[in-house]
């Protein structure tokens, strides 16, 4: 016996724009939680569903275990999204939902939310009008009005920005409030801003579990309008004292979901498999290893449950996702942000790239053949019509993604090059024999000139004091430029920075201080070499270290320095920020030179000598 399909349509005129409201409504994990929908459980899925990006899921509702096959969500950001579910058990046979965000002339938007539900039996025929038509309708009204108020009160809400959704009164762990009071005083006593400590503790006490389960310092900094470095160091200090805990997440390069987590660098494996995308990938510190935080369970235990696993905000870098049957085509209109994009599917390797340009075309055709994607790169204007064509004999999930990674992520490459992290977590190191790319870093080597003569002329104890003082000066200069001391080798130092200009400013400052010490103190000359390039992170003597040609070249450059200069490579010299620094800094003299470096005998290096003419 067939049963009539129920169709429900709700419409809200919202004060907030579609762009502001989208990150809230399209966060279906949070939306379903707020709507009191039971948490889901992932189930083993069939091969065909997995190939299309679908999932098999289960909930317990009214004492019944209900399973369904869920097709992948489809969306065009920030215009519409929807999903289809085919139930394998329970009183409902199928359900389809969709949400449309239509801009209004006054800057707000009209949100249209629809659900179509088909009963399986008489129970479903009776249950759907009550559960969806009445209870769900009332709950959705409350949620949308609350989301609209939140979005309208903010100028913008970027993906990943923490939101203080107070879903229900939170409960701290027994003794949690007392521990917060003690740890707050400890953090302030160690020099952390009392204002930031207060804001963090309030956030821990009031924010909901979803927000706190994956706390991103840079998103928090943007939300609070505070320096990123200040919030990152706040979280690191809070972790060291036991207010927070951190974890490393290894992200898939395609879906960018966490496929492996570890509470220490030693737990990271460089070879990772993503079940969702069915690919193996190699982790790297520059992109795929992210540091996130959450409250320490002795302060507040976070209940991490899943209420939806495939909504648009799970993968905010994907601007459009469309499921096309074999031989089908579809048109979508998108407004692009600046940057580069790629269209791909889960079943075919590679993809077709798109670039956004003022001289691009108003429309483009992205056609997938059985043989694969075309090699050319489409060029379109910022608002363009895309014609998607599936010329294969299989259903394909077309995925259009931004190539730029989330700039709110604290990457392992960045945090491990920060002095505060190395000071607070000196034992954080990779597994022995594990090697992981960290992308491009700036490596600095320094050494005191004539330190042996210094020991002979003034004696071991005074000379040792001078050397220790020089280390302190370097550490201060490093910290000011967000660099990190990797190791000392006698009187020599190896340090790491994310940006070449920071390394150059560090040495110029340190040389100036060492050359003009307080009265009665002997001046020192500091030799220095700086190179920028790709590095590999390794475990050396149970510490995080780096190796590779970039490190070797930087070490050789220091040997060419006289102590009154800095030897920099052409990679450093050509950096735009370095070029600007050298052009605008008074009293700087630059001269080119060439040299053959030990271990690189077949190559002549173009180098630059940077000298300060100020005395």
Counting other beta carbons within 10 Å of each Cβ, put 590, 59 in order, fewest first. 590, 59
Taking r as the C-beta separation of residue 540 and residue 177 and R0 as 45 Å, the FRET efficiency to the nearest 0.05 is 0.55
For the stretch 271-391: relative contact order, % (alpha-carbon pairs under 8 angstrom, 6 or more apart): 23 percent
What does the C-alpha gyration tensor say about the overall shape of the stretch 318-402? Classify as rounded when a/c is under 1.5, otherwise prolate if a/b is larger than b/c, or oblate. prolate
Compute the Cα gyration tensor for the stretch 350-489, then decide on rounded, prolate or oblate, letting a ≥ b ≥ c be the square roots of its eigenvalues: rounded whenever a/c is under 1.5, prolate when a/b is larger than b/c in the other cases, and oblate in all that remain. prolate
Over the stretch 6-152, what is the relative contact order in percent, taking alpha-carbon pairs closer than 8 angstrom and at least six residues apart? 30 percent
Tell me, rounded to the nearest percent, the portion of alpha carbon pairs in the stretch 176-312 spaced more than 26 Å apart. 29 percent
To test your reading of the geometry: what angle, between 0 and 90 degrees and rounded to tens, separates the Cα axis of helix 549-559 from the longest principal axis of the chain? 20 degrees
Write down the Å³ per residue value for the convex hull defined by the alpha carbon atoms of the chain. 200 Å³
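Nearest 5 is fine: what % of DSSP beta bridges in the chain come out antiparallel, could you say? Present the calculation step by step, with values, prior to reporting the outcome.
Values: 124 of 138 bridges.
Restricted to the chain, the bridges split so that about 90 percent are antiparallel.
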Taking a ≥ b ≥ c as the square roots of the Cα gyration tensor eigenvalues, with a/c under 1.5 meaning rounded and otherwise prolate when a/b beats b/c or oblate if not, the stretch 1-42 comes out oblate
At 222 nm, what helix-only mean residue ellipticity would the chain give, in deg cm²/dmol to the nearest 500, using -39500 (n - 2.57) for each DSSP H run of four or more? -8500 deg cm²/dmol
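Suppose we keep just the DSSP beta bridges with both residues in the stretch 318-402; what percent of those would be antiparallel, to 5?
Roughly 65 percent of the beta bridges in the stretch 318-402 run antiparallel, per DSSP.
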With a 10 Å radius around each residue's Cβ, average the other Cβ atoms per peptide and rank 115-127, 449-461, highest first. 115-127, 449-461
Relative contact order of the chain (C-alpha contacts under 8 Å, at least 6 apart) in percent is 11 percent
At what distance in nm do the modelled label points of residue 331 and residue 65 sit from each other, each positioned 7 Å from its Cα along Cα→Cβ? 4.8 nm
Taking only the alpha carbons of the stretch 422-612, the radius of gyration and the largest Cα-Cα distance, Dmax, both in angstrom, are 16.6, 49
The answer for the per residue Cα convex hull volume of the stretch 79-152, in Å³, is 91 Å³
Please give the Cα centre distance for the stretch 436-499 versus the stretch 90-109, rounded to the nearest Å. 60 Å
Give me the distance in nm between label points sitting 7 Å out from Cα along the Cα-to-Cβ direction at residue 261 and residue 15, one decimal. 3.6 nm
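Read-outs: derived from the displayed coordinates by stated rules, not from any lab. The model shown is predicted, which means the values in this text are computed figures rather than measured ones. Heads up, the Cβs are rebuilt from the backbone with ideal geometry, glycines too, and the neighbour counts pull from every protein chain shown.
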